[in-house]
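> My structure is below; once you've seen it, I'll send some questions.
The values are calculated or read from the model by the stated rules, or taken from the named source; none is laboratory data. Note that the structure is predicted; figures quoted are calculated from it, not measured. Reconstructed Cβ throughout: ideal geometry from the backbone, glycine too, with neighbour counts over all protein chains shown. The protein model used for the area step is the full one, side chains on, heavy atoms only, and it has no ligands, DNA or RNA in it. Shrake-Rupley method; radii C 1.70, N 1.55, O 1.52, S 1.80 Å.
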Amino acid sequence: MKVLNFGSLNIDRVYNVTHHVLPGETITAADLNTYAGGKGLNQSIALGRAGAETVHIGAIGEDGDFLLELLTGAGVDTHLVRRIGGSSGHAIIQVSPDGQNSIVIFGGANRTFTEEYVRECLTQADKGDYVLLQNETNEISAVITEAAKRGAKVVFNPSPITEDILSLPLKNVSLFMVNEIEGAQLAGMSPDDEPRDILDTLSVRYPNADIVLTLGSRGVICKVGGEVFSQPIFRVTPVDTTAAGDTFCGYFLACRCKGMSVPDTLRFASAASAITVSRAGAAPSIPAWYETTAFLSES
């Protein structure tokens, strides 16, 4: 079993600030760091470092070769990644002293998928493989539809959440990976509603899908195979939360590929996410499998 990730490849420009800039305000950043990022890349890095067989599918511009180097260094297969003229996708990220972030994304090469490219790449998907995608690329509808036709298990992380999400063929999704804001919007509810109510509403709306609902400091709750599970967070000192959700997603799928139980999967994914939060940057902060097992043995 492998994971084919139709994922974004971004260059993150991270500005450390005293507070997130307000409308009409100009502030001075303490420093600037440039990292590899993008939800797709982060999730592939997490999958690769967790030991899952992972094929990344995406596009980079003339400035993106170091993104491929990072992926291959994590054990990710990149032979389907396309190079185009122009700019790779990039993100401008403000990080405040408490580790919270706000992000502006430019799609760049991530928005150059075609239906032909999607079909070509999915010829490498076997029945039962996971096909993972987020909402930072185009042709999402084609990916979901074609992957389902081939008997792959579609995993959708609808981030960033947009108004057109509900127009996608979501009945073909096998697993939703959502945070409380995304989950509430898919359910037609408020993020202030009880997580269990959001989870139950999503399960009724998408009865053929498993649901994983991450809740930030409140941990995670999920319904897999009709059974509900939960896991609290591991307490760490936050440095940068940028890739926390992506790490959780990648580790969750990697653990499922390994045949681990849902409780153990949640424990490993939560531990890996905690390690990520305690480090700076997006992709560079994602731990290797041995680091996560060591963290768990000490917790």
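> Using the C-alpha gyration tensor of region 23-63, what are the square roots of 5 times its eigenvalues, in whole angstrom, with the largest one first?
Semi-axes (√(5λ), whole Å): 31, 14, 10.
> Right, something else. Quick one: putting +1 on the C-beta of Lys and Arg, -1 on the C-beta of Asp and Glu, what dipole do you get for the chain around its Cα centre, in Debye to the nearest 20?
Its charge dipole is roughly 660 debye.
> If you take all C-alpha pairs in the chain, what percent of them are over 34 Å apart?
That fraction is 14 percent.
> Sticking with this one: Show me the helices of the chain, taken as full DSSP H stretches, that run 18 Å or more along their long axis by Cα and average -1.0 or above in Kyte-Doolittle hydropathy.
Flagged H segments are 244-257, 262-277.
> Next question. Could you tell me the relative contact order of region 222-299? Use alpha-carbon pairs under 8 Å, at least six residues apart, and round to a whole percent. Can you show the working numbers first?
Values: 102 pairs, mean separation 27.7, N = 78.
For region 222-299, the relative contact order is 36 percent.
> Where the accessible area of the chain is counted over protein heavy atoms with a 1.4 Å probe, how much of it, in %, is carbon and sulfur?
That share works out to 50 percent.
> Cut-off under 17 Å on the C-alpha distance; same-chain residues fewer than 8 positions from Lys149 excluded. Which aspartates and glutamates are left, in chain and number order?
Cross-link targets: Glu115, Glu116, Glu120, Asp126, Asp129, Glu139.
> Using a 1.4 Å probe, what is the accessible area per residue for the chain, in Å²? Let's see the in-between values first.
Working: 12510 Å² over 299 residues.
Roughly 42 Å² per residue, with all protein chains present.
> While we're looking at this one, here's another question. Assuming a viscosity of 0.890 mPa s and a temperature of 25 °C, what translational diffusion coefficient in µm² per second does Stokes-Einstein assign to region 122-186, Rh being the Kirkwood radius over Cα pairs?
For these conditions, the coefficient is 206 µm²/s.
> Please list, or write none, the aspartates and glutamates whose alpha carbon is within less than 18 Å of the alpha carbon of Lys223, excluding same-chain residues fewer than 8 places away.
Glu180, Glu182, Asp193, Glu194, Asp197, Asp200, Asp210, Asp264
> With +1 on each Lys and Arg Cβ and -1 on each Asp and Glu Cβ, and nothing else charged, work out how big the dipole of region 34-107 is about its Cα centre, in Debye to the nearest 20.
Charge dipole of region 34-107: 140 debye, to the nearest 20.
> Along each principal axis of its Cα atoms, how long is region 251-295 end to end? Whole angstroms, biggest number first, please.
Cα spread of region 251-295 along its principal axes, largest to smallest: 30, 17, 15 Å.
> Per Stokes-Einstein, at 4 °C and 1.567 mPa s, what whole-number D in µm² s⁻¹ belongs to region 150-223, with the Kirkwood radius over Cα pairs as the hydrodynamic radius?
It diffuses with D of about 106 µm²/s by this estimate.
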